[in-house]
1. Once a ≥ b ≥ c are taken as the square roots of the eigenvalues of the Cα gyration tensor of the chain, is the result rounded (a/c under 1.5), prolate (a/b larger than b/c) or oblate (a/b not larger than b/c)?
2. In whole Hz, what ³J(HN,Hα) sequence does the stretch 122-129 give by Karplus (6.51, -1.76, 1.60; θ = phi - 60°), x for Gly and Pro?
3. Treating only the Cβ atoms of Lys and Arg (+1) and Asp and Glu (-1) as charged, compute the dipole magnitude of the stretch 293-447 about its Cα centre; round to the nearest 20 debye.
4. Taking +1 at the Cβ of each Lys and Arg and -1 at the Cβ of each Asp and Glu, which of Thr365, Ala350, Ala333 sits farthest along the dipole of the chain towards its positive end, judged by Cα position relative to the Cα centre?
5. Quick check: from the Cα gyration tensor, does the stretch 206-254 come out rounded (a/c under 1.5), prolate or oblate?
6. Using a cut-off of 16 Å between alpha-carbon atoms, which aspartates and glutamates can reach Lys327, once sequence neighbours fewer than 8 places away in the same chain are excluded?
7. Quick one: Cα centre-to-centre distance for the stretch 255-310 and the stretch 450-489, in angstrom?
8. Taking amide hydrogens as modeled 1.01 Å from N in the peptide plane, which residues meet the under 5 Å criterion relative to Val448, leaving out close sequence neighbours?
Amino acid sequence: MSPIARTEDLDGSAGPDLATVTADALAVLQPGFEGTTAPAWVLRLIDEGLGSVALFSRNVASPDQVAALTAQLRAKRPDLLVTADEEGGDVTRLEARGGSSFPGNLALGAVDDVALTRAVAAELGRRLAACGVDFDWAPSADVNSDPDNPVIGVRSFGADPELVARHTAAYVEGLQSGGVAASVKHFPGHGDTAVDSHHAMPRIDVDLDTLRSRELVPFRAALAAGAKAVMSAHILVPALDPELPGTLSPAVLGGLLRAPVEEGGLGYDGLVVTDGIEMQAISGTYGIERGTVMAIAAGCDAICVGGGRSDEQTVLDLRDAIVAAVKDGSLPAERLADAARRVRELAAWAAAQRSGAAEGSAPDTGIGLTAARRALRVTRAAHHTPLDAPPYVAAFTPMANIAVGDVTPWGVAAELERLLPGTRTGSYRTADAAEVLAAAGGSRVVAVVRDAHRHPWMAQALAGLVAARPDTIVVEMGVPQSEPVGSLYVATHGAARVCGEAAAEVIAARD
């Protein structure tokens, strides 16, 4: 635990040094900002002790631009942590405007080749490091035990705890081999939820034995693999804490995550970062200032903020709330200092990784497409015939969850247009198959869906299309649940760009 300097406090009494506490308060924040260059306020706060910054898709134009941005930030302080929410697959920030070059976790779990998962994560880590990003809020270690989960889905390696565990460990090893710290999420497990914590508080009503044999299995594997960080979940698990969500719960963070193994805990002593503190599960009940103080008091070391609120005043308000809590005693200065220490230790590790990185490590630029091809599940009906003309692609588009965002393109239309010039497309949010058929005319229909089992309108439209046109080709780019339909059924296990490319190759094949 780092020492606390004791001088005159704000009210004149003996207490922690204000400058030290303020610097520690800034050290634990991981804020975002607007723009592709660093605003003056960010550079000023880095000078004053800001420990990290977070990059989102709004900060990304190209790899060279991101590298220039991170160089600009580190010119202020070389050991600054630069973090991003880069899972690959459906959740990408570096490739938000074109789609990811890597399939997501469900596709890797479907292949079930840990060497492949490790190689994909290593290449992703190499690209992040080349841009100057050294802390990744990934991978998801959640076991997707609820197929109707609205926020995890293809972000999980699967529904089997042991499969998720081995691929989480491989992903951690691969990512960190490139000098990028992995942050496994969302502890203690977000897979059995029917509510998106961006919007409200999810609740997991299972007993402790189920948690230990299901949710916690991948986290144990990740920690054994040396994961540098754990991200907390804004979920209520009554078996652990009947009142407070994981991010704010000493029972979850101290009594489970950090408690010694011999006492039933996971024995973890590394950095804990919150999920986005402005998400409604926290901000809607506690407010982000109170939530931030409660999270640090409970055992979190870093506060993720900026996905929604990315302005200077938010950062100043959080800094001041932390300082005020130390002053009034609701947040022990020693707890804040301990949190800041963990942030600085991870920053020192990352800086050492950058300085020791081998020059020109060989890229494996084709590994993403290779993995996407292997992940395909393809079913051909007896009546299927190859395409003999450009098709009409009907993309049934659900509302994107906030983690994925609505910026990133998805589907197969662009790749089919490249392979079959003249391909036409339309986007639909209707159960009326007749509208699609009218637009398609005489063209063969390729119906592209995403989690059709979760959207009755989508399933209804798909059934109508297949009934009217048995030669319809169906591409499922979410979690496949239903039986294959259409003359050709392709499940990609995710909507990354490379997943669409792999599916388009199969659809356009002449054999």
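The values are calculated or read from the model by the stated rules, or taken from the named source; none is laboratory data. Note that this is a predicted model, so its numbers are computed, not measured. All Cβ positions, even for glycine, are placed from backbone atoms using ideal geometry, and neighbour counts span all protein chains on display. What goes into the accessible areas is simple: the full protein's heavy atoms, side chains included, and nothing from ligands, DNA or RNA. Shrake-Rupley method; radii C 1.70, N 1.55, O 1.52, S 1.80 Å.
1. Prolate, since a/c reaches 1.5 and a/b exceeds b/c.
2. Karplus values, whole Hz, x for Gly and Pro: 5, 5, 4, x, 4, 5, 4, 4.
3. Approximately 540 debye in magnitude.
4. Checked the options; the winner is Thr365.
5. Because a/c hits 1.5 or more and a/b fails to exceed b/c, the stretch 206-254 counts as oblate.
6. Glu8, Asp9, Asp11, Asp17, Asp24, Glu289, Asp317
7. 40 Å
8. HN-HN under 5 Å from Val448: Ala394, Ala395, Phe396, Val475.
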